[in-house]
Amino acid sequence: MAAPTFKVLIFLKRRPGMPLEAFCDYYEGVHSKLCAKLMIGASRYVRRYVEPRPNSLTGKDDELEFDVITELWYDDRAVFEKAVDLSSRGRLPADVLADEERLFDRSKTRYATVVEFDSELPRRTDRPGSA
């Protein structure tokens, strides 16, 4: 069995009135670089920008409660637990906190943790839906 990956997931919403494109540009160009210094012990720092799709039942294109899922990956459980402990206390450097106020609606920020295992799947040569 492959070794697990331990992850912190952070669900973030842009501040009201900020266009999504400007949010993504600022996060990638400024905020991610500012936060990279806090990622001691992390093996990956990933941002996944969510693109909502219309609801298949209603046809509505409802806005989601978050615009990006930020992932911090750890290979070592002890380092992961320390990162979770620090983030749960909400202690951020003043410059990071000020930047978050410019970028996010912090009242909507949510955290979760994940322990992930990967499985090797057999290669399929047929197309989905074909018998």
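The values are calculated or read from the model by the stated rules, or taken from the named source; none is laboratory data. Just so it is clear, the structure is predicted and the values come from calculations on it, not from any experiment. A quick note on method: Cβ atoms are made from the backbone with ideal geometry, for glycine too, and the neighbour counts reach across all protein chains shown.
Observations
- Listed by position, the helices (runs of 4 or more DSSP H) contained in the stretch 1-112 that have at least 2 residues being of a type outside the set (A, V, I, L, M) and in contact with a Cys (Cβ under 6 Å, 6 or more places away or on another chain) form an empty set.
- Close Cβ contacts (under 9 Å, 6 or more residues apart or on different chains) running from residues in the stretch 107-126 that are in contact (Cβ under 8 Å) with a residue 12 or more places away in the chain and under 23 Å from Ala3 (Cα atoms) to residues that are assigned to a strand (DSSP E or B) and of a type in the set (D, E, K, R) comprise Ala112/Lys7; Thr113/Lys7; Val114/Lys7; Val114/Glu71; Val115/Lys7; Glu116/Lys7.
- Qualifying positions in the stretch 2-30 - out of contact with any strand residue (DSSP E or B) (no Cβ under 7 Å at 6 or more places or on another chain) and either surrounded by 16 or more Cβ atoms within 10 Å (Cβ to Cβ) or at positive phi (or both): Gly17, Met18, Tyr26
- Qualifying residue in the stretch 72-87 (condition: under 30 Å from Gly17 (Cα atoms) and in contact with a strand residue (DSSP E or B) (Cβ under 7 Å, 6 or more places away or on another chain)): yes
- Count of the stretch 75-91 residues which are touching a residue at least 24 places away in the same chain (Cβ under 8 Å) and aliphatic (A, V, I, L, M): 3
- Test: residue in the stretch 52-67 that is touching a Lys or Arg at 6+ places or on another chain (Cβ under 6 Å) and surrounded by 14 or more Cβ atoms within 10 Å (Cβ to Cβ): yes
- Any chance Lys33 is closer than 22 Å to Lys13 by Cβ, in contact with a strand residue (DSSP E or B) (Cβ under 8 Å, 6 or more places away or on another chain) and modelled with pLDDT of 95 or more: no
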